[in-house]
Amino acid sequence: MIVASRHPYIESLLKYYETPRGGVSWLNERRAHALERANALTVPTTRDEEWRFTDISQLIKLSFQPAAGASRPAMTDIADFIVPEATHRLVFVDGVFAPELSATKGLPDGVVVASLAAALGTHAAAIEPHLARHAQFGDDVFTALNTAHLRDGACIHVAKNRQCAAPVHLLHVSTQKEAAAYPRCLVIAEAGAECTVIEDYVTLTDGAYFNDAVTEIVAGEGARVRHVRLQREGAGAFHIANCAVVLAKDAYYASHAISLGARLSRLNLNVLQQGEGVEVKMDGLALISGRQLADTHTLMDHARPNGSCRQLHKCIVGGAAHAVFNGKILVRPGAQLTDSAQQARTLLLSDKARVDAKPQLEIFADDVKCAHGAAIGQIDAEQLFYLQSRGLSTESARNLLTYAFAAEVVDRIPVPSLVERLEKVVLAQTQAA
């Protein structure tokens, strides 16, 4: 039963919600259940432990409605965002699939790259066990909102022992001010499959808008998934994202999450080790300035034995910006021989820059090897002096050291053209900080 009273902010975001008509019955049921939860849940505040460093009151004060009726951009408008290595591309404009801007021809056998609506017509049996199953909306209002609005999205399905050699680019383009979009992505790599996914959020407007994104990634036994997530929203944007990853026995998952834009951004990345022998690598970089707020929450959930994880998260904070990092490693009972380590490092470029870092370990097994650490500082005076003694100006020396700090994360991205572009962005932003 749908709760009648709801928070005014939720009311505004659900104002244009339509009851599902026709379509897939199990999906309609999940959307209806998500709508119930969106009605019942409250908007988080700084009184909630998981949001105590991130004040979203500035988001709640604004009014958004689902994007509709805008003209689609031309290919020339998004040309600068195209990734040459990614021969397969899905483009979404304000949350709506744009087939005329997408490229899905020439896919290898056993690989599906399609809009979710199209994929449901051909691969519903493979999608049903996973869609809206791993990203839990029972206690997260933003995941519930996204699921309630779920009509379409991106779907990547790689069959057993198949490989998608070229990266798949999921490009989400925002064009409308005061609009809310609900991007959705589902990646299924069956046993022995391999793929690289670039999840990319860009803008063609400087106005305020809201992206509420949800991604679910499933890697079967022995599958290998590389996931590049690039958030380069507009200066007035609000970006809240939830990503749930589920890994079977001997699966490999590598995450490269880069946060550059948005007035306020939040990424919840939850990785569940569902089988033994899983290997995980998580890299993150937040490069912000002005009055931006970038919040990253990660959970590495070791639920089975013999899992390994290496996580490195870096923040470069300039101006009066505020970065937040909360990284949690959970080792459940019976998850013996877990080897998990986490490092959080922050570089503050000004006296007003701020960071809140909270690394966490929760260990309920006795034969494990786990570690975490957090370091916060400014440009090293000795390193700065050394470069100046070699003829560099103070500004050039500072920029070089800042760039080197970010390069450790950027250089590990498995897409050369993205590495090159991000290097230029880092240099440009550090010079402006």
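The values are calculated or read from the model by the stated rules, or taken from the named source; none is laboratory data. Owing to the predicted nature of the structure, the values given are computational and were not obtained by experimental measurement. Methodologically, a virtual Cβ is constructed for each residue, glycine included, from the backbone with ideal geometry; neighbour enumeration extends over all protein chains shown. Please note that ligands, DNA and RNA were not included when accessible areas were found on the heavy atoms of the full protein model with its side chains. Shrake-Rupley method; radii C 1.70, N 1.55, O 1.52, S 1.80 Å.
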request  = Would you kindly compute the Cα radius of gyration of the stretch 104-243 and its largest Cα-Cα separation (Dmax), both in Å?
outcome  = 15.2, 45
message = Once you place label points 7 Å from the Cα toward the Cβ at LYS352 and GLN163, how far apart are they in nm?
response = 5.2 nm
request  = Extending each Cα 7 Å along its Cβ direction at ALA381 and GLU85, get the distance between those two points in nm, one decimal.
outcome  = 4.1 nm
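Would you mind classifying the stretch 318-386 by shape? Square roots of the alpha carbon gyration tensor eigenvalues, ordered a ≥ b ≥ c; an a/c under 1.5 is rounded, otherwise it is prolate if a/b is larger than b/c and oblate if not. Present the calculation step by step, with values, prior to reporting the outcome.
Numbers: a/c = 6.02, a/b = 2.26, b/c = 2.66.
Cα axes put the stretch 318-386 in the oblate bin.
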inquiry  = Kirkwood hydrodynamic radius, computed over distinct alpha-carbon pairs, for the stretch 66-151: how many Å, to one decimal?
reply    = 15.3 Å
task = Arrange the residues ASP356, ASP55 by how much accessible surface each exposes, largest first, with a 1.4 angstrom probe.
result = ASP55, ASP356
key: Percent RCO, i.e. relative contact order, over the stretch 31-184, from Cα pairs under 8 Å lying at least 6 residues apart   = 37 percent
query = Hey, in the chain, which Cys have no second cysteine's beta-carbon closer than 4.7 Å?
reply = CYS155, CYS185, CYS243, CYS309, CYS315, CYS370
remark   = Calculated from DSSP helices alone, with each H run of at least 4 adding -39500 (n - 2.57) and the total divided by the residues of the chain, [θ]222 nm to the nearest 500 comes to -6000 deg cm²/dmol
query = Sorting ASP380, ASP351 by accessible area (1.4 Å probe), largest first, what list results?
reply = ASP351, ASP380
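For ALA68 and ASP48, compute 0.36 nm times the residue count separating them, minus their Cα-Cα distance, and round to one decimal in nm. Intermediate results must be reported in sequence, preceding the final value.
Values: separation 20, 0.36 × 20 = 7.20 nm, distance 3.36 nm.
Between ALA68 and ASP48, full extension yields an extra 3.8 nm.
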note = Most packed first (mean Cβ within 10 Å per residue), the peptides 103-113, 330-340 order as 330-340, 103-113
request  = Report relative contact order for the chain in percent, whole number only (criteria: Cα-Cα under 8 Å, sequence separation at least 6).
outcome  = 10 percent
message = What figure, in Å² to the nearest 10, do you get for the accessible area of LYS281 with a 1.4 Å probe and non-protein molecules left out?
response = 90 Å²
task = Please give every one of the lysines within straight-line cross-link reach of LYS358, meaning a C-alpha to C-alpha distance under 25 Å, and leave out same-chain neighbours fewer than 8 residues apart.
result = LYS281, LYS314, LYS328, LYS369
task = Determine which residues of the stretch 221-243 fall in the zone a paramagnetic label at ILE60 would reach in this model, i.e. backbone nitrogen under 19 Å from the point 7 Å along Cα→Cβ.
result = 238-241
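Between the DSSP loop rule and a limit of at most 12 other Cβ atoms within 10 Å, which trypsin sites (Lys or Arg not before Pro) in the stretch 361-433 are left? Mind dumping the intermediate values first?
Details: sites: LYS369, ARG390, ARG398, ARG412, ARG421, LYS424; in loops: ARG390, ARG412.
Those that pass, being in a loop and sparsely packed, are ARG390.
Given a 1.4 angstrom probe, I'd like the percentage of the accessible area of the chain that is carbon and sulfur, rounded to a whole number. Walk me through the intermediate numbers first.
Details: 8880 of 17870 Å².
Of the solvent-accessible surface of the chain, carbon and sulfur hold 50 percent.
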query = What's the Kirkwood radius of the stretch 267-415 in Å, using all Cα pairs?
reply = 16.6 Å
ask   = What is the spread of the Cα atoms of the chain along each of their three principal axes, largest first, in whole Å?
value = 71, 50, 48
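How much accessible area per residue does the stretch 175-228 have, counting only protein heavy atoms and a probe of 1.4 Å, in square angstrom? Intermediate results must be reported in sequence, preceding the final value.
Details: 1240 Å² over 54 residues.
Per residue, the stretch 175-228 has 23 Å² of solvent-accessible surface.
Need the full-extension length gain, GLN388 to HIS33, defined as separation in residues times 0.36 nm minus the C-alpha distance. One decimal, nm.
Extra length available between GLN388 and HIS33 comes to 121.7 nm.
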Whole-number percent relative contact order across the stretch 142-246, with pairs defined as alpha carbons under 8 Å at least 6 apart = 30 percent
